[in-house]
Structure formats: structure tokens, C-alpha cells
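Shown next, in C-alpha cells, is the structure this report addresses.
The values are calculated or read from the model by the stated rules, or taken from the named source; none is laboratory data. This one's a predicted model, so the numbers in the text were calculated from it and none came from an experiment. Using ideal geometry, Cβ is built from the backbone for each residue, glycine included, and neighbour counts are taken over all protein chains shown.
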Amino acid sequence: MKKHIVLLPGDGIGTEVIQSANEVLDVIADVFNHTFTYETHAIGGCAVDKYNNPLPQETEAACHKADAVLLGAVGGPKWDQHPSHLRPERGLLGIRKSLDLFANLRPVKGFSKLLHASPLKEELVTGSDLLIVRELTGGLYFGQPSERQNNGESVVDTLAYTRKEIERIVDKAFQAAQLRRKHLTSVDKANVLESSKLWREIVEEKKAQYPDVTVEHMLVDATAMKLITKPTYFDVIVTENMFGDILSDEASVLTGSLGMLPSASLREDSFGLYEPVHGSAPDIAGKGIANPLAMILSAALMLRFSFNLKNEAAIIESAVEEILNEGYHTADLQVKNGQRVNTAEMTHRIVEYIKSESTTS
Ligand code: NAD
Ligand code: IPM
Ligand code: MN
């Protein structure tokens, strides 16, 4: 199979973990006889520095032409004081919107070797396996107006959704639930927000189309509590953009580290942008110690969802599981009696496992 992939390393550890995903994809291509070609483009802070634009036009155009996109992370203290339109995060929001990637799937599944690495009690985390379906191109991040008013005396951000935007993400979530344990939790703040009331109505309307899925509504504050007191309760969670952002970082605690969570940003066709849930981690950037597994697992999601390469995705996931089982981990994970390795070593071990598996099978 021949596929063209755009790489958007971005800033901080984004550049480090993209390198790891690239190495893993190269070995997959080798072993399974595929041709993956790559093109690297600037996004985020590095693009602000070079082009005075967090989403240069050529980056956007290249993504539109690609079969899939892999994104590292954007942002960092260097750009924190920039005006909104010159913030790295604008580049990320811009590319998601431009590509119409409204469905962000964030699977949260603990690897057995890491159950004790969570600060939560091991017996509580054991068996947790959930999927957060986060709406990605609407809500508070994109609603207009969003501005300072009255000479900075007041400010407004707008949480806006259309019926169509809610319907399509709710459909995605129901469909995801059908492929899993068939339980959907729709998370909102319907006791306060008008947008949440419409969200609830639409979920209620839609449920007749998915009779095999049980559905419930849960308020976001209660969900935040239940996620870490009874995580095994959840199967699929669907929620608006900002609630999904916050809940997914919280849910990463189940896995032992934010550096473990991959994500897929999808639309109706098979195209997708794949990005770890974590950010550019300025506190560890440049040290070569970032956990590359969220990025590597995001590449596996790309193989599965965009290229339908299920075996190839599965071998990457097995490699991650196996290397963790052997006790190797990066510094972000508190593993008992494990062996701490850096980004390059972790990547190397994944690559070697894939090579060895393919010669024995
Ligand atoms: P962050 O996710 O970058 O880091 C939070 C903490 O988790 C840090 O202590 C960091 O060291 C650790 N961490 C995250 N990923 C890790 C990994 N792979 N390996 C080891 N440790 C890891 O969040 P932040 O510090 O709040 O944000 C830093 C910058 O990143 C900000 O500019 C923010 O806007 C941006 N950000 C970007 C994305 C993205 O590009 N998708 C996502 C989140 C945050
Ligand atoms: C994420 C990030 C982004 C978001 C930021 C950097 C804009 O936190 O992908 O989770 O909030 O979507
Ligand atoms: Mn986030």
C-alpha cells in the first residue's frame, strides 16, 4: 500500500515524539511491504517564528492533499504572551477546523503492567477501558464573538453549537458504542447551559436509532468525580469540545501518565489527523526523555482508521504492551522494579520488537 503522510512536529516534545512515530512507521512499511512517504511542515510556535503565522498556508494545503496527518504538539512559554492570532494553539485549532475534523476519539485503556503506576488504587483502575468522544470543531473554542470588550473592562467567549454539529458527533459516539460494550454516557451541564439542553434533546432523539446501546446523561462535574472513583463504570463518553479536553487529561491518570494517551481526529471519510492528547511539555522538552508511546499509539490509530491496516496497527499495540511488560518505561511513569529508558531507547525497543515478531511469524 502507498500512502502519503504529512508530519507536523510542532513544538517542544512534539518534535521528539514525531521522530519516534516516524521510525516505527518506517519499520512497519519495511516489514509489511508498504510505501509511506512523508512531508514535514511547520505548525504552532515554530511556524510563528518562521512565517509569523501559526498555520502557514502551505502547511494547510499539504494537509488537505495528504492521506493522513500526524501531529506532535504545539505551544510553549516562548509564545504565551503573544496576541491570540499569533498563539501556537491557534494553528492547531485552525487545522482541525480547516479539515473539518469534528470527532476526536480518545481511548483510555490501562496497560496491565502500568495499573500500579496510577496514583489511584490499583483495584479501582483495573478493568477500566473507556473511549472519550470529544466534539472538536465547535463549542467554546470557536463560538463568536470571542473578544475583550469595553476597553478590556469585559470579555466574552461564546459556546455555540448547531443542531447538525451535535447530531454528527452524537451519531459517531453511538456508532463507537455499538462496536464496544454498548453503553453511552452523554456528558453535559444541562442544569445550567442552553447548549447542553439542546445536546440532551438530540441524544434523546437519536437513541431510537441505536436500540442496542444504553444511554444516560451525566453532568460534567459529577462525571469528573466518577471518572476517578469508578472508572470501570464508563464505556463511551460523548461530550462537547472543552469538557472533553478537560476530562481526557483527567482520565489519563488511569493509565499512569498523560504520555500514554493517543487520539484520532476524524471526519466522515477515512481521512484523519492523529495526535497525542498531551502538549509540548516545556518542562522536559529537549531532554530526550519524553514518553513517545502516546504518539506511537496515535500512529497505530492512523493505520487502523485511515488506512484500514489492522494487523499493522495491532503489532504496534502489542509491541507497546510487550515492552512495558518487560519493565521498560520513560521517566513520567512510576513503575516498580522497572527499567527507566529515554525516548530513543523506548522507540528502539518498539522497533526491534516489531522486527523480531515479523521474522518469527
Ligand atoms: P502538557 O501536556 O504539555 O504537559 C503536562 C505535564 O505532563 C507536564 O509535566 C509534562 O512534562 C507531562 N507530559 C506531557 N506529555 C508527556 C510525555 N509524552 N512524556 C512525559 N511527560 C509528559 O501540558 P501543559 O504543560 O499544560 O502545556 C504546555 C503547552 O502545550 C501549552 O502551550 C499548551 O497550550 C500546549 N498543549 C498543546 C497540545 C497539543 O498540541 N495537542 C495539547 C495540550 C497542551
Ligand atoms: C488538546 C489541547 C488543545 C485543545 C489546545 C492546545 C488548544 O489541550 O488537544 O487537548 O484544547 O484542544
Ligand atoms: Mn488538552
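Across the range 276-285, the qualifying residues are those that are out of contact with any Lys or Arg (no Cβ under 9 Å at 6 or more places or on another chain) and touching a residue at least 12 places away in the same chain (Cβ under 8 Å), and the one among them that is nearest to ligand 2 (Cβ to nearest atom) is G279.
Among the strands (runs of 3 or more DSSP E) confined to the range 145-223, the ones with at least 1 residues that are β-branched (V, I, T), more than 18 Å from A251 (Cβ to Cβ) and in contact with a strand residue (DSSP E or B) (Cβ under 6 Å, 6 or more places away or on another chain) are located at 154-160, 214-219.
Of the residues that make up the range 300-309, is at least one crowded, with 24+ Cβ neighbours inside 10 Å, in contact (Cβ under 8 Å) with a residue 40 or more places away in the chain, within 16 Å of ligand 3 (Cβ to nearest atom) and not hydroxyl-bearing (S, T, Y)? No: zero hits. Remark: pairs (first residue in the range 147-172, small (G, A, S); second residue part of a strand (DSSP E or B) and buried (at least 17 other Cβ atoms within 10 Å of the Cβ); Cβ separation under 8 Å; 6+ apart in sequence or on different chains) = A160/G139; A160/F142.
The C-beta contact set for the range 330-348 (first residue on the phi > 0 side of the Ramachandran plot, second residue not aromatic (F, W, Y), distance under 7 angstrom, 6+ apart or interchain) comprises N337/G327.
Residues checked against (1) outside any helix (DSSP H, G or I); (2) in contact with a Cys (Cβ under 9 Å, 6 or more places away or on another chain); (3) of a type in the set (G, A, S):
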residue	(1), (2), (3)
R304	no, no, no
N311	no, no, no
S318	no, no, yes
E321	no, no, no
V335	yes, no, no
A344	no, no, yes
E352	no, no, no
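A count restricted to the range 252-298 and to residues that are surrounded by 23 or more Cβ atoms within 10 Å (Cβ to Cβ) and either of a type in the set (D, E, K, R) or away from ligand 1 (no atom under 14 Å from the Cβ) (or both) stands at 4. Residues considered: V133, V155. Of these, the only one that is at pLDDT 95 or above, more than 30 Å from E317 (Cα to Cα), away from ligand 1 (no atom under 16 Å from the Cβ) and outside the structural domain of L273 (by TED's automatic domain parsing) is V155.
Of the residues screened, I237 is one that is surrounded by 24 or more Cβ atoms within 10 Å (Cβ to Cβ) and outside the structural domain of T343 (by TED's automatic domain parsing).
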